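Novice: Sharing a structure, written as structure tokens. Questions coming.
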Amino acid sequence: MAQYVAGADAPRTVLIDFVDVDSAKWVQYADSRWWPLSWVYRREGSRLLAFERAAADRATRAFFVTDAEADLFRRLAPGCVGRIETIGNGVDTEQYAPSEALPSPFAAGSLPVVFTGAMDYWPNVDGVRWFAEEVMPRVLDALPSAHFTIVGMRPTAAVKALASAHVTVTGTVPDVRPYLQHAAVVVAPLRVARGIQNKILEAMAMARPVVATDACGAGLPTNAFALEHLRCGGTHIVLTAANANAIEGQGQRAVAINTARFIYIHHDTLHDGTRGHEHTAVLH
């Protein structure tokens, strides 16, 4: 919407929420494609960065969703350094509260591995294809009852083609919460990602163990959080090991409780962070 506040008629106070450095995402796309698409995407990244800089020059304040994204834009647009701030994403923790009352959509006896997202968005398509083709076979070697469910609207032909005895592609569903509630583990296998992935926050709010690639986990706190709440891995071998541990590990329930508590304290859009112990107490 930044184009609508350009020119002499622009208001005196302009606040722009960039969310993330979108131009950098196009450069990431270029790195994963062959020519001529790599050239097209890199050019798009360059042109979009010029627009982002111009928009930020007109802004009173420019907001990004993580400190990492804000720091990146400070380097790319040094003239705007003093006007760049971070405002993180949040979750409606009443909507995404754990609830055993939600009916399970999964077959009895299966170990559901769940991904949620719009399935015509290229990073999601790339991520689930990689997970289904490269990671899931290794998961099945260790856990034959594991089943990968891809939940999201508008699945492309490439996503639909992944459907098999061990992979379900749902398409649009009326409510993603039953899939999250009854998942043994929620995965975020995107290889191209920026900012904070709301799919991770929603799963964690519902007290689900999450396994993510480094790209997806980068927008969330590291150190003790990464070790105790979110399993990250940059290769399919690490991700597979984390999956097996998240699905069957004896500490799964403790991890789940801590994931929900972390969201209630740090990413609750409705309250001030005081509800962490109150809401996770019901999970013990």
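Every read-out reported here was derived from the displayed coordinates using simple, explicitly stated rules and does not represent laboratory data. Please read these numbers as outputs of a predicted model, since none were measured by experiment. FYI the Cβ positions are ideal-geometry reconstructions off the backbone, even for glycines, and counts take in every protein chain you see.
Novice: What is the extension gain from V173 to V81, computed as 0.36 nm multiplied by their sequence separation minus the C-alpha to C-alpha distance, in nm to one decimal? Before the final figure, lay out the partial values.
Specialist: Working: separation 92, 0.36 × 92 = 33.12 nm, distance 4.28 nm.
Stretched out fully, the V173 to V81 stretch lengthens by 28.8 nm.
Novice: Select from V65, V27, V40 the residue farthest towards the positive end of the dipole of region 2-86; place +1 on Cβ of Lys and Arg, -1 on Cβ of Asp and Glu, and compute about the Cα centre.
Specialist: V40
Novice: Residue separation times 0.36 nm, minus the C-alpha to C-alpha distance between R154 and R138: what's the value?
Specialist: So the chain would gain 3.0 nm between R154 and R138.
Novice: Taking a cut-off of 20 Å, what percent of all Cα-Cα pairs in region 2-86 are separated by more than that? Intermediate values should be presented prior to the final figure.
Specialist: Working: 1306 of 3570 pairs.
Above the 20 Å cut-off, region 2-86 has 37 percent of its Cα pairs.
Novice: Compute the convex hull volume of the Cα atoms of region 77-225, divide it by the residue count, and report the result per residue in Å³ as a whole number. Walk me through the numbers on the way to the answer.
Specialist: Details: hull volume 21.7 nm³, N = 149.
Given the Cα convex hull of region 77-225, per-residue volume reads 145 Å³.
Novice: Determine ³J(HN,Hα), in whole Hz, for all residues of region 128-136 in sequence, where each value follows from phi through the Karplus function 6.51 cos²θ - 1.76 cosθ + 1.60 and θ = phi - 60°; x replaces Gly and Pro.
Specialist: 6, 5, 4, 5, 5, 8, 9, 9, 4
Novice: Among 29-41, 177-189, how do they line up from the highest to the lowest mean number of other beta-carbon atoms within 10 Å?
Specialist: Result, highest mean first: 177-189, 29-41.
Novice: Once phi is turned into θ = phi - 60°, what whole-Hz ³J(HN,Hα) does the Karplus curve with 6.51, -1.76 and 1.60 give for every residue of region 70-84, x standing for Gly and Pro?
Specialist: Each residue of region 70-84 in turn: 4, 5, 4, 5, 4, 6, 7, 10, x, x, 10, 3, x, 10, 9 Hz.
Novice: Continuing with the same structure: Give me the extension gain from R58 to L102: residue separation times 0.36 nm, minus the current Cα-Cα distance, reported in nm with one decimal.
Specialist: 11.1 nm
Novice: Same structure, new question: Check which residues have an amide H placed less than 5 Å from T168's amide H, if you skip close sequence neighbours.
Specialist: Amide H neighbours of T168, under 5 Å, 5+ apart: F148, T149, I150.
Novice: Got a sec? Which residues in region 49-67 would a label at Y121 touch, if it sits 7 Å along Cα→Cβ and we count backbone N under 19 Å?
Specialist: 64-67
Novice: Per-residue counts of other Cβ atoms within 10 Å, averaged by peptide: what ranking do you get for 13-21, 158-166, highest first? Write down the numbers at each step before the final one.
Specialist: Details: 13-21: 17.1, 158-166: 14.3.
Highest to lowest by the protection proxy: 13-21, 158-166.
Novice: Let me ask something else about it. In debye to the nearest 20, how big a dipole does region 2-86 give about its Cα centre with +1 on each Lys and Arg Cβ and -1 on each Asp and Glu Cβ?
Specialist: It comes to approximately 280 debye.
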